[in-house]
Amino acid sequence: MIDLTTLTISKALDLMNSGALTSVDLTKMYLAEIEKKNKDVNAYLEVFADALDQAAEADKKRAAGDKSPLLGIPMSIKDNITIKGRIAGAASKILEHYVAPYDATVIEKLKNAGAVFIGRVNMDEFAMGGSTENSAYGPTRNPHDTSRVAGGTSGGSTASVAMNGALVSIGSDTGGSIRQPGSFCGVVGLKPTYGAVSRHGLMAMGSSLDVVSPTAKTVEETETLFNIIKGNDRFDSTSLTNAELSPKETPAKIRVGIVPELTNVGGLHPAVVQNFNESVEKLKKAGVEVTEVSLPHIKYSLAVYYVIMPAEVSSNMARFDGIKYGSKVAGADLLGDYLSTRGNLLGKEVRRRIMLGTYVLSAGYADAFYNKANIVRDLIRADFKKAFASVDVILTPTAPSPAFKVGEKTDDPIQMYLEDVFTVTANLVGLPAISIPSGFTEVEGKNLPLGIQFMAPHTREDILFAIGKQFETLR
Ligand code: GLN
């Protein structure tokens, strides 16, 4: 009997290679779980009708001696990543019928590795939000307590893994979107170094911040996925060179830094503070050196992010005008077309950010907001450079609270933005960061997962994987 709750990529491959399991059997097991749970969780927007055909194809290849690293592994894909011939909707009405004309580079790599795509999963519309409540298709609920959110924006990805609706999943992270839902759903979320994974075929939100990001139950699996999807790509001019991405020597003793400016911020849920302190103690007891490092400008990260991100959003969203992409609601003339298409088919949060972004970029305000934010972004970068002279990774909580109730923060955008206080910095600076499950807290009779985050210098995912695997054994 196979226990999906503890199944990993390598265990599934062993079972399939030994003949004890076929990809068709495995895919059927996930489809059965989806059938049972998706009506409550709403992780999947679409289950692909040909999932079992893909699995049968993988089984045929295995029988013919194919040894591809994800051969027959069932996974889910966030709705903002294009798969040729399938709908890619970004959970938005404007792309409800949009069929992708090409494979994203990551999809091409995953196909070459033999993956089986079970379906596309829910998200906040165009990846703007922190709870998957901004989806045009209803919120994704937390498999640990369906009265609560899964987190966001990759809530469909992390919930699909947490409910055993997929072995692993691919999402994206612009300000915390794989890490915060990872911590809410009790799974690992890796945001790679900016540029380590091609953005070709990922719908642009904040182009200087976006990264395609894997999620799974274990650190080892996110490492496997990262190694498959990373790499230079001629379709993404910001992708790193293969020399920059080449293997590094991981330090034998990893020094961990904690940041007083971050851990002393007010407004944290007491369970988060307690869990974080316990996590630090576990590391120390295991002989890991933990010291304090100062990041004096990090307190401005959230403000800087909420200027730069909407500026980039306002520019990237201009293409959704009812003519170039997606659906159209006709108006009286050309301007009328724009107004009624965007006014009717884009959700409230997306429109809010387009307006905010247009404002911070407008003549007379660009210096006061956008340009100033970029200056502070450089100061934050410099802080990290200094900190990484004395430590190898920086440890923080992932989110300020465990999963909150559906509807709790939807009327207050500021409360929702505060969810990102620990995560946006890695995106601003381009650093790799990982959220790892660090235990549970009991709230109203339910056990809710918590997570901690490690951040490392550019292209040093190797250090995240090493300390992450060590931390997993300390649980
Ligand atoms: N919660 C953040 C935001 O709303 C992050 C979103 C993301 O990473 N895509 O912008």
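Rule-based calculations on the coordinates, nothing more; no lab input. None of these values were measured; they are calculated from a predicted model. Cβ sites come from the backbone with ideal geometry, for glycine too, and all protein chains shown count toward neighbours.
Just need a number here: residues in region 337-368 that are surrounded by 19 or more Cβ atoms within 10 Å (Cβ to Cβ) and either more than 17 Å from Met128 (Cβ to Cβ) or touching a Leu at 6+ places or on another chain (Cβ under 9 Å) (or both).
Summing the residues that are surrounded by 19 or more Cβ atoms within 10 Å (Cβ to Cβ) and either more than 17 Å from Met128 (Cβ to Cβ) or touching a Leu at 6+ places or on another chain (Cβ under 9 Å) (or both) in region 337-368 gives 3.
Kindly provide the set of residues from region 123-135 that are in contact with a Ser or Thr (Cβ under 6 Å, 6 or more places away or on another chain), under 19 Å from Phe320 (Cβ atoms), in contact (Cβ under 8 Å) with a residue 60 or more places away in the chain and assigned to a loop (DSSP other than H, G, I, E, B), ordered by number.
Passing the criteria: Asp124, Gly129.
Under 6 Å by Cβ, and 6 or more places apart or on different chains, what pairs join a residue from region 42-68 that is more than 20 Å from Ser169 (Cα to Cα) with one that is of a type in the set (Ser, Thr, Tyr)?
Final answer for the pair search is Asp59/Thr22; Asp59/Ser23.
Quick one: which helices (runs of 4 or more DSSP H) sit completely within region 398-475 and have at least 3 residues that are buried (at least 22 other Cβ atoms within 10 Å of the Cβ) and away from the ligand (no atom under 16 Å from the Cβ)? So that I can check it myself, show each step before the final result.
On the way: elements: 413-418, 424-429, 461-473.
By residue number, 461-473.
Taking Arg179 as meeting all but one of (1) under 24 Å from Thr140 (Cα atoms); (2) surrounded by fewer than 24 Cβ atoms within 10 Å (Cβ to Cβ), write down the number of the exception.
Of the numbered conditions (1) under 24 Å from Thr140 (Cα atoms); (2) surrounded by fewer than 24 Cβ atoms within 10 Å (Cβ to Cβ), the odd one out for Arg179 is (2).
So Ser390 ticks every box in (1) in a helix (DSSP H, G or I); (2) more than 16 Å from the ligand (Cβ to nearest atom) but one. Which box is left unticked?
Failed condition: (1).
Take Thr105 and decide whether it is away from the ligand (no atom under 16 Å from the Cβ), under 30 Å from Ser23 (Cα atoms) and buried (at least 24 other Cβ atoms within 10 Å of the Cβ). Step through it out loud before you land on a result.
Details: away from the ligand (no atom under 16 Å from the Cβ): yes; under 30 Å from Ser23 (Cα atoms): yes; buried (at least 24 other Cβ atoms within 10 Å of the Cβ): yes.
Spelling it out, Thr105 is indeed away from the ligand (no atom under 16 Å from the Cβ), under 30 Å from Ser23 (Cα atoms) and buried (at least 24 other Cβ atoms within 10 Å of the Cβ).
Return only the number of the condition from (1) small (Gly, Ala, Ser); (2) more than 14 Å from the ligand (Cβ to nearest atom); (3) more than 28 Å from Glu220 (Cβ to Cβ) that Gly347 does not satisfy.
Among (1) small (Gly, Ala, Ser); (2) more than 14 Å from the ligand (Cβ to nearest atom); (3) more than 28 Å from Glu220 (Cβ to Cβ), Gly347 violates only (2).
From the list Gly231, Gly267, pick out the single residue that is surrounded by fewer than 17 Cβ atoms within 10 Å (Cβ to Cβ) and away from the ligand (no atom under 16 Å from the Cβ).
Values: Gly231 fails: surrounded by fewer than 17 Cβ atoms within 10 Å (Cβ to Cβ).
From the options Gly231, Gly267, the qualifying one is Gly267.
Out of everything in region 112-126 that is within 16 Å of the ligand (Cβ to nearest atom) and either aromatic (Phe, Trp, Tyr) or under 14 Å from Glu419 (Cβ atoms) (or both), what residue ends up being surrounded by the fewest Cβ atoms within 10 Å (Cβ to Cβ)? Spell out the reasoning first.
Let us first name the residues in region 112-126 that are within 16 Å of the ligand (Cβ to nearest atom), namely 121-126.
Filter once more, keeping what is either aromatic (Phe, Trp, Tyr) or under 14 Å from Glu419 (Cβ atoms) (or both): 124, 126.
Details: Asp124: 33, Phe126: 29.
Per the stated criteria, the residue is Phe126.
Would you point out which residue out of Gly138, Gly182, Gly176, Gly171 is touching a residue at least 60 places away in the same chain (Cβ under 8 Å), within 15 Å of the ligand (Cβ to nearest atom) and over 24 Å from Leu26 (Cβ atoms)? Break it down stepwise before answering.
Values: Gly138 fails: within 15 Å of the ligand (Cβ to nearest atom); Gly182 fails: over 24 Å from Leu26 (Cβ atoms); Gly171 fails: over 24 Å from Leu26 (Cβ atoms).
Among Gly138, Gly182, Gly176, Gly171, only Gly176 is touching a residue at least 60 places away in the same chain (Cβ under 8 Å), within 15 Å of the ligand (Cβ to nearest atom) and over 24 Å from Leu26 (Cβ atoms).
The conditions are (1) buried (at least 24 other Cβ atoms within 10 Å of the Cβ); (2) more than 9 Å from the ligand (Cβ to nearest atom), and Gly129 fails exactly one of them. Which is it?
(2)
Taking the options Val272, Val307, Val256, name whichever one is farther than 29 Å from Gly195 by Cα and under 25 Å from the mean Cα position of the chain (by Cα).
Answer to the check: Val272.
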